[in-house]
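Visitor: Quick one: the structure is below, and I'll ask about it shortly.
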Amino acid sequence: MKNKEIKETLELYYNLLTPRPIRKQLALLENAIENITQQKFNISEIKKPATDRDIIECIQESYSLIYCMMNGLKYETFDIREHLKKDKYFDWIAEYKMEHFSNEIFQELGMELVENNNEGFIVRDVDKKVSVI
């Protein structure tokens, strides 16, 4: 099967197996996620994520929106740091980001990762020179 045929087959199964009210709700949710993403990141059109870090950021934002909707929270004022230990998925996202992108994240903050182990990590400012006396 070609990609186009596979896509058409999947859409057919989706339409046959998913009740219309749920399809409508999913379409509304997809539009809401797209609109909020455009507003939050101030972009005019949605582009596909380019890097692995972009993908995990998109997953985090999408899950944050769904989490807010399910728990009656305001997405506009939502802070993921308050919910890291309350929700295992947020905790997993944070651990994944630190495991795979910690050097990049600390560089953006003007720091350098000196050591990373099971107990934590040691960082230092990039601008400060370390001298030994």
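The values are calculated or read from the model by the stated rules, or taken from the named source; none is laboratory data. Computed from a predicted structure; not experimentally measured. Reconstructed Cβ throughout: ideal geometry from the backbone, glycine too, with neighbour counts over all protein chains shown. Heavy atoms of the whole protein, side chains included, go into the accessibility calculation; ligands, DNA and RNA do not. Shrake-Rupley method; radii C 1.70, N 1.55, O 1.52, S 1.80 Å.
Visitor: Of the numbered conditions (1) at pLDDT 75 or above; (2) of a type outside the set (Gly, Ala, Ser); (3) in a strand (DSSP E or B), PHE121 fails exactly one; give the number of that condition.
Guide: Against the list (1) at pLDDT 75 or above; (2) of a type outside the set (Gly, Ala, Ser); (3) in a strand (DSSP E or B), PHE121 comes up short only on (1).
Visitor: Residues of region 62-96 being touching a Phe, Trp or Tyr at 6+ places or on another chain (Cβ under 7 Å), more than 21 Å from LEU28 (Cα to Cα) and not in a loop (DSSP other than H, G, I, E, B), which ones?
Guide: Within region 62-96, ILE80, HIS83, TYR89 meet the criteria.
Visitor: Name, by its number, the condition in (1) modelled with pLDDT of 70 or more; (2) of a type in the set (Val, Ile, Thr); (3) open to solvent by 70 Å² or more (accessible area, probe 1.4 Å) that does not hold for ILE80.
Guide: Unmet condition: (3).
Visitor: Could I ask something else about it? Between a first residue in region 105-118 that is within 19 Å of ILE93 (Cα to Cα) and a second residue that is among the hydrophobic types (A, V, I, L, M, F, W, C), which pairs have beta carbons less than 6 Å apart while being 6 or more apart in sequence or on different chains?
Guide: Partner pairs satisfying both residue conditions: PHE106/LEU113; PHE106/VAL123.
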